[in-house]
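Working notes, structure below.
The values are calculated or read from the model by the stated rules, or taken from the named source; none is laboratory data. Since the model is a prediction, treat every value here as computed from it, not as a measurement. Reconstructed Cβ throughout: ideal geometry from the backbone, glycine too, with neighbour counts over all protein chains shown.
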């Protein structure tokens, strides 16, 4: 049997994934990956846990949850997420310090 040519599969181990810096598509650094939620049925990652950097880290008690659908790319250097994730992080910070209340529908 011949070898398959032209197929390259990138694989990151958990140690590499858990220290990746996270950026928005527009280049804003949000923090770093500190965990993930694994779906035992599909064997896939459902959400990433991202610890914010700077002031947000001291204000937010828990890492931000980023759904895999919000992740645009992952490589050995960084994770890139949709720009809306930064807006969600800002809203979470505002709620945490009492600037914004919970919105009820």
For this session: Report yes if residue 30 is modelled with pLDDT of 90 or more, in contact with a helix residue (DSSP H, G or I) (Cβ under 8 Å, 6 or more places away or on another chain) and outside any helix (DSSP H, G or I), otherwise no.
Result: yes
For this session: Go through segment 33-61 and give me each residue that's out of contact with any helix residue (DSSP H, G or I) (no Cβ under 9 Å at 6 or more places or on another chain) and within 17 Å of residue 88 (Cα to Cα).
Result: 49, 53, 54, 57, 58
Exercise. With respect to the numbered conditions (1) in contact with a strand residue (DSSP E or B) (Cβ under 8 Å, 6 or more places away or on another chain); (2) outside any loop (DSSP other than H, G, I, E, B); (3) at pLDDT 80 or above, which one is the sole condition not fulfilled by residue 57?
Worked result: (3)
For this session: Identify all residues within segment 18-28 that are farther than 11 Å from residue 50 by Cβ, in contact with a strand residue (DSSP E or B) (Cβ under 7 Å, 6 or more places away or on another chain) and touching a residue at least 24 places away in the same chain (Cβ under 8 Å); write none if there are none.
Result: 24, 25
